[in-house]
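Asker: Have a look at this one before I ask anything.
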Amino acid sequence: MVDTALEEMPDPEPDPGPESVRSPEPAGWQDMDPYDFEEAVAALCRRDGCADAEVVGGAGDLGADVVATTPDGRRLVVQCKRYSSGNRVGSQELQRFGGTCYAVHEAGAAVVVTTSTFTEPALEYAEQCGIVCVDLDGLTAWSGAGAPPPWQAVHPVGG
């Protein structure tokens with residue numbers, strides 16, 4: 001005998017997957033608190049193949065907010081800057097991160113993600129040091145899967 005109550009139930013919504021791989025809506029980036037922003041960036045990294053992405057930011061983090069292993073085996077180090085649109089990430093901030101991302105954190109790929117933009121001197125410094133800069137437009141494109149993950153812009157040593 002078939003239970004008719006089960007037959008009348010609507011089909012369940014498809015499972016969207018684990019919470020850790022969902023990314024926030026682009027409009028919400030600047031509304032997040034800094035910790036939630038770091039968690040959201042880590043979730044984007046996990047979504048794009050860095051299964052071990054974790055938030056490590058906080059006092060004494062020496063510039064690393066998210067660390068992970070890229071799908072091609074490199075150590076990814078991400079600094080997150082949740083800033084308002086008028087507060088641009090400057091050269092001094094990139095220099096501080098550049099001073100630790102490779103020497104201390106042994107990054108194979110270094111990325112700075114912001115909800116704002118970068119100054120020209122910051123972008124010039126980042127290019128010289130191989131640091132990928134992701135501004136709000138880039139973050140929106142990445143989160144919407146309209147752009148590849150930022151670590152793909154950094155080629156492995158010898159690659």
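The values are calculated or read from the model by the stated rules, or taken from the named source; none is laboratory data. All figures in this text were calculated on a predicted structure; none of them were measured in a lab. Note that we place each Cβ from the backbone using ideal geometry, even for glycine, and neighbour counts take in every protein chain shown. With ligands, DNA and RNA removed, areas are computed over all heavy atoms of the protein, side chains included. Shrake-Rupley method; radii C 1.70, N 1.55, O 1.52, S 1.80 Å.
Asker: Which one is surrounded by the most Cβ atoms within 10 Å (Cβ to Cβ) among residues in region 73-83 that are part of a loop (DSSP other than H, G, I, E, B) and in contact with a Ser or Thr (Cβ under 7 Å, 6 or more places away or on another chain)?
Answerer: Arg82
Asker: Identify all residues within region 94-118 that are more than 14 Å from Val66 (Cα to Cα) and part of a helix (DSSP H, G or I); write none if there are none.
Answerer: Leu94, Gln95, Arg96, Gly98, Gly99
Asker: Ok, one more. Would you pick out the residues in region 43-55 that are surrounded by fewer than 20 Cβ atoms within 10 Å (Cβ to Cβ) and closer than 19 Å to Asp33 by Cα?
Answerer: Correct list: Glu54 only.
Asker: I want to confirm something. Restricting to region 111-130 and keeping residues that are among the hydrophobic types (A, V, I, L, M, F, W, C) and open to solvent by 10 Å² or more (accessible area, probe 1.4 Å), which single residue is modelled with the lowest pLDDT?
Answerer: Cys129
Asker: Next question, about the same structure. Would you mind finding the one in Gly58, Gly108, Gly86, Gly28 that is free of Cβ contacts under 8 Å to residues at least 60 places away in the same chain, open to solvent by 70 Å² or more (accessible area, probe 1.4 Å) and not hydroxyl-bearing (Ser, Thr, Tyr)?
Answerer: None of the other options fit; the residue is Gly86.
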